[in-house]
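The values are calculated or read from the model by the stated rules, or taken from the named source; none is laboratory data. A quick note: this is a predicted structure, and the numbers were derived from the prediction, not measured. Here the Cβ positions follow ideal geometry from the backbone for every residue, glycine too, while neighbour counts run over all protein chains shown.
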Amino acid sequence: MTAEPTITAADVRSSALSLPDTTEKLAWGQPTFRVAGKIFVSLGDDETTMGVKCPREDRAELIATEPEKFFIREGHDDHYAWMRVRLSALEDADELAA
């Protein structure tokens with residue numbers, strides 16, 4: 001039996017919407033969270049991952065250090081400097097916020 005993930009899509013939504021002036025909007029069939037119209041986090045299609053913008057030089061190091069946690073989706077993520085985070089690999093709300 002698989003253990004329930006510590007962090008869920010509901011946690012991502014709650015954390016994002018707790019920030020000032022944040023709105024949620026569906027885009028490309030996925031929930032996205034925005035401030036002043038700019039997306040800062042999105043939930044993946046099956047809501048087991050989230051996308052976050054990350055400078056390419058930092059992203060490469062994070063992925064190399066913790067490939068079980070971080071990855072990129074070829075194409076869009078790579079072109080726009082986004083990376084994906086597996087929610088099941090996050091330990092707690094502090095790590096989610098970080």
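For A10, which of the numbered conditions (1) under 16 Å from R86 (Cα atoms); (2) surrounded by 11 or more Cβ atoms within 10 Å (Cβ to Cβ); (3) at pLDDT 90 or above; (4) of a type in the set (A, V, I, L, M) fails to hold?
(2)
Only one of (1) at pLDDT 95 or above; (2) exposed (fewer than 13 other Cβ atoms within 10 Å of the Cβ) fails for A3. Which number is that?
Looking at each condition in turn, A3 falls short on (1).
Regarding segment 46-53, can at least one residue be identified that is surrounded by 15 or more Cβ atoms within 10 Å (Cβ to Cβ), charged (D, E, K, R) and closer than 17 Å to S14 by Cα?
yes
Consider E74 carefully, then state whether it is within 18 Å of A89 (Cα to Cα) and either at pLDDT below 95 or in contact with a Phe, Trp or Tyr (Cβ under 7 Å, 6 or more places away or on another chain) (or both). Full working, then the answer.
Working: within 18 Å of A89 (Cα to Cα): no; either at pLDDT below 95 or in contact with a Phe, Trp or Tyr (Cβ under 7 Å, 6 or more places away or on another chain) (or both): yes.
It is false that E74 is within 18 Å of A89 (Cα to Cα) and either at pLDDT below 95 or in contact with a Phe, Trp or Tyr (Cβ under 7 Å, 6 or more places away or on another chain) (or both).
Restricting to segment 67-98, give me the number of residues that are out of contact with any Cys (no Cβ under 6 Å at 6 or more places or on another chain) and under 14 Å from T49 (Cβ atoms). First the steps, then the outcome.
Kept after step one, since they are out of contact with any Cys (no Cβ under 6 Å at 6 or more places or on another chain), are these residues of segment 67-98: 67-82, 84-98.
Imposing the further condition that a residue be under 14 Å from T49 (Cβ atoms) reduces the set to 67-73, 76-77, 82, 84-90, 96.
Result for segment 67-98: 18.
Please go through segment 28-45 and pick out each residue that is farther than 13 Å from R84 by Cα and surrounded by 14 or more Cβ atoms within 10 Å (Cβ to Cβ). Outline the logic, then answer.
Filtering segment 28-45 down to residues farther than 13 Å from R84 by Cα leaves 28-39.
Of everything in segment 28-45, those that are farther than 13 Å from R84 by Cα and surrounded by 14 or more Cβ atoms within 10 Å (Cβ to Cβ) turn out to be Q30, P31, T32, F33, R34, I39.
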